[in-house]
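The next block holds one structure in the form of structure tokens; read it before the comments.
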Amino acid sequence: MIVAHNAAVSTYRTPTHLAIGVTHVEEAGMTQSYALQHARRVSSVVDNASFHEAAAQARLFRSWTRSLNTFQLDPGNTSGPRVISAAELKDRRNRAEALLRFSSPVVERLHGIVGKAGYCVLVADADGALIDFRGQEDRRKEYRQHGLYHGRYFTEDAEGTSGVACVLADKEPITVHTEDHFRAAFTCLTCTAAPIISPAGELTGVLDVSAVRNSENRDSQELIYAWVCQAAEMIENAYLLHDTGHLWTLYLHRSQDYLSLHPELLIAFDDAGNIASMNRQTRSMLSRLYTAIPSNVQHLFDLNAGQVIDLNSGLEMFPLRLTRGGDRFFARLRPPRQALRTISLPPGHPAAGHAEPAARAIASDRLVTGDPQVSSHLARALQIIDRRIPVLLQGETGTGKEAFALAVHRGSLRAPQPFVAVNCAAIPDTLIESELFGYAEGAFTGAKRKGLKGKILQAHGGTLFLDEIGDMALPLQTRLLRVLAENELVPLGSEQSVRVDINLICATHRDLARMVSEGTFREDLYYRLTGAVFRLPPLRDRTDLGELVDFFLADEAQAHGTRSALSEEAMACIRRYRWPGNVRQLRMALRYACALAAAQGVIVAEDLPDYLRCPADAAPAAPQPANPPVTAQAFDSAGLRPGELLEREHIAQMLACHHWRVKETAKALGMSRATIYRKMARYGIVYPGSASLPGAPPLSQTDAQTDAQADEAD
């Protein structure tokens with residue numbers, strides 16, 4: 001022990017035998033004289049209490065004092081940290097399964113940010129054992145030599161002051177830079193660490209980012225410090241969302257753009273509004289506002305639980321303001337999981353009263369579940385999705401397969417992570433491979449200079465939704481099968497595999513079993529994708545048409561600030577129609593009607609698309625092509641499928657609705673102007689002499705040419 005910088009230090013001896021996997025003094029580039037000098041400095045600082053007065057420096061001083069006086073450690077010791085056995089490491093990883101599950105996607109992403117700068121990312125359990133590691137392959141030997149690897153053990157009583165040890169002692173983030181470390185063996189390291197606190201308030205682990213031989217000053221670590229703290233908060237939020245799945249959970253952020261990406265505040269409460277849990281940011285903010293944090297949401301927002309739930313009806317996000325302090329937030333509400341599973345109960349069921357708020361909450365996530373079949377499918381999907389079971393959604397075009405997939409993602413443990421949707425039929429065969437799997441730098445002529453991260457890797461840690469999987473070419477099916485089997489992929493032009501962890505949801509309107517028998521779809525992939533199969537009913541078979549209409553009208557009102565009511569006559573037309581385009585067609589029809597009825601506020605039959613205004617005994621299975629003046633030339637529709645006929649009619653009517661202004665029409669339809677022009681050419685839609693709306697100004701050929709030129713300029 002170094003108790004004074006004179007007598008005790010003079011007897012200091014460098015250890016001659018080191019533990020397996022640690023570095024000798026010379027191997028670490030450290031001389032015996034340097035170790036002695038460091039020991040003298042530590043002893044002098046502790047004896048004279050000469051550390052800086054800053055909070056972080058005070059923590060380091062206290063840690064040095066404990067290491068020297070309480071634990072009687074030698075600051076001149078150059079041996080590495082204790083190494084636990086492989087069996088103990090396996091046991092610790094098994095016991096920390098939840099910590100590793102929630103932290104793994106965050107650790108992977110954080111390493112993607114800091115790895116190339118020479119940093120590695122580590123996770124320690126609550127005892128200080130390193131149980132997870134990410135580091136550049138070419139630096140792994142160096143990291144291992146300095147104790148930055150699986151199975152190393154960093155506690156203050158054994159190794160003295162370090163990033164992990166300080167967090168274990170104080171439960172606060174810290175940067176321990178080079179000679180801030182107590183022992184000479186670790187003075188070439190820069191470590192920034194933050195605690196991972198469970199929803200119960202217990203320290204469950206430590207997130208650490210470390211580098212070897214970082215010669216920059218400690219101020220250079222400020223950005224690393226911010227990233228580590230944010231990453232630890234994300235892990236804590238994932239913990240909380242998992243543990244509060246049986247409760248209502250409020251997501252809040254001051255910016256609507258970041259609400260879904262990284263909520264600032266999370267508050268979980270029961271049906272009566274009693275607050276059961278909140279994340280660290282929420283607790284910190286409320287502690288500044290209240291002597292005692294309120295126990296019910298009513299005292300936070302001056303609204304009871306039922307009123308908060310009602311605010312969520314029909315809206316993806318809604319405003320809330322704190323009663324004390326007046327801070328304004330954008331909010332989103334996640335319903336309890338058991339409520340999700342009871343939304344299909346009949347009105348007479350004793351629990352049916354609890355189903356309505358849940359149904360409203362799900363509707364806000366773009367899925368209306370008033371139909372018993374849809375709600376039953378959703379409940380089952382939520383039960384199995386966290387078991388890594390692939391889901392296949394089948395159903396006609398427009399039945400809401402992507403909305404269903406998104407609702408499943410948002411109800412899963414991976415809700416805070418990305419949801420990446422890919423339409424396999426919408427990407428050209430020449431591009432889809434690079435879009436899905438990505439490519440390395442210089443993979444082919446015209447490739448981006450730094451390569452491309454494919455959709456599969458973008459979904460790492462979250463959910464990948466592959467729509468129209470039946471349109472995927474056989475060679476790509478083979479590559480996808482390998483990814484699913486090995487949980488890794490190799491980008492185009494690269495020889496190095498990359499680990500990937502995703503939930504997979506696929507969708508198709510095709511008969512995949514028949515395609516397998518015809519040899520156009522791989523049988524082995526088919527069985528990989530069909531872990532759970534749900535067939536979504538067509539709109540004509542659903543029992544919640546009225547709820548869907550109300551939801552879409554509310555959505556249009558939110559988007560445009562004017563709400564339109566539906567007349568009985570218009571609703572009768574909607575109920576008579578067979579809806580070959582399903583939910584998507586209904587939405588577009590109501591959007592069209594809302595645009596025409598914006599002035600009067602009531603949608604009448606005349607505001608509906610032509611194909612809906614038909615006698616009760618003549619409800620067509622598909623709309624007929626538009627007549628002049630929408631199209632000013634004859635058009636042979638014999639080669640079009642019903643869905644294409646519907647699209648032709650819809651585009652023509654939206655053009656008329658927007659006075660034949662292609663830019664506005666493209667924006668309303670969510671398409672590019674180039675796409676609108678291509679579809680006009682394909683479907684024989686041409687500019688009329690004047691717009692079809694009464695009183696609309698004519699669109700000249702010059703106007704059309706100007707619009708086309710503007711499109712090219714974009």
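The values are calculated or read from the model by the stated rules, or taken from the named source; none is laboratory data. These numbers were taken from a predicted model, which means no experiment stands behind them. Every residue, glycine among them, receives a Cβ derived from its backbone with ideal geometry; neighbour counts consider all protein chains shown.
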Within the bounds of the stretch 278-297, is there any residue that is closer than 16 Å to LEU320 by Cα, in contact with a helix residue (DSSP H, G or I) (Cβ under 7 Å, 6 or more places away or on another chain) and not hydroxyl-bearing (Ser, Thr, Tyr)?
yes
Being of a type in the set (Phe, Trp, Tyr) and in a helix (DSSP H, G or I) is the filter here, so list the residues in the stretch 394-419 that pass it.
PHE404
Flag if VAL408 is out of contact with any Phe, Trp or Tyr (no Cβ under 7 Å at 6 or more places or on another chain) and at pLDDT 90 or above:
yes
Pairing a residue in the stretch 670-685 that is more than 11 Å from GLU649 (Cα to Cα) and not assigned by TED's automatic domain parsing to the domain that holds ARG591 with any residue that is in a helix (DSSP H, G or I) and of a type in the set (Lys, Arg), where Cβ atoms lie under 7 Å and the two sit 6 or more apart in sequence or on different chains, gives ARG673/LYS663
Regarding GLY115, is this residue surrounded by fewer than 24 Cβ atoms within 10 Å (Cβ to Cβ) and among the small types (Gly, Ala, Ser)?
yes
LEU247 meets each of (1) within 30 Å of HIS177 (Cβ to Cβ); (2) surrounded by 18 or more Cβ atoms within 10 Å (Cβ to Cβ); (3) among the aliphatic types (A, V, I, L, M) with one exception, condition (1)
Given (1) at pLDDT 95 or above; (2) under 29 Å from the mean Cα position of the chain (by Cα), CYS166 misses just (2)
Name the helices (runs of 4 or more DSSP H) wholly within the stretch 132-249 that hold at least 3 residues that are of a type in the set (Asp, Glu)?
156-159, 222-243
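Residue-wise test of (1) of a type in the set (S, T, N, Q); (2) touching a residue at least 60 places away in the same chain (Cβ under 8 Å); (3) surrounded by 22 or more Cβ atoms within 10 Å (Cβ to Cβ); (4) in contact with a strand residue (DSSP E or B) (Cβ under 7 Å, 6 or more places away or on another chain).
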| position | (1), (2), (3), (4) |
| --- | --- |
| ARG144 | no, yes, no, no |
| GLY147 | no, yes, yes, no |
| ALA158 | no, yes, no, yes |
| VAL164 | no, no, yes, yes |
| THR175 | yes, yes, yes, yes |
| ASP180 | no, yes, yes, no |
| ARG183 | no, yes, yes, no |
| THR190 | yes, no, yes, yes |
| ALA194 | no, no, yes, yes |
Considering every residue within the stretch 47-66, establish whether at least one is within 44 Å of the chain's Cα centre (by Cα) and within 15 Å of TYR153 (Cβ to Cβ).
no
Against the condition surrounded by fewer than 21 Cβ atoms within 10 Å (Cβ to Cβ), at pLDDT 90 or above and either not in a helix (DSSP H, G or I) or not β-branched (Val, Ile, Thr) (or both), how does SER284 come out, does it pass?
yes
Looking only at the stretch 265-277, decide whether some residue is over 19 Å from the mean Cα position of the chain (by Cα) and either modelled with pLDDT under 85 or of a type in the set (Asp, Glu) (or both).
yes
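Yes/no per residue for (1) of a type in the set (Asp, Glu); (2) closer than 29 Å to ARG134 by Cβ:
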residue	(1), (2)
ARG479	no, yes
VAL483	no, yes
GLU488	yes, yes
LEU512	no, no
VAL516	no, no
TYR527	no, no
Inside the stretch 234-244, can you point out the residues that are surrounded by fewer than 21 Cβ atoms within 10 Å (Cβ to Cβ) and more than 14 Å from ARG414 (Cβ to Cβ)?
ASP243
For the stretch 148-196, what are the residues that are of a type in the set (Val, Ile, Thr) and closer than 23 Å to VAL114 by Cα?
VAL164, VAL167, ILE174, THR175, VAL176, THR178, THR187, THR190, THR192, ILE196
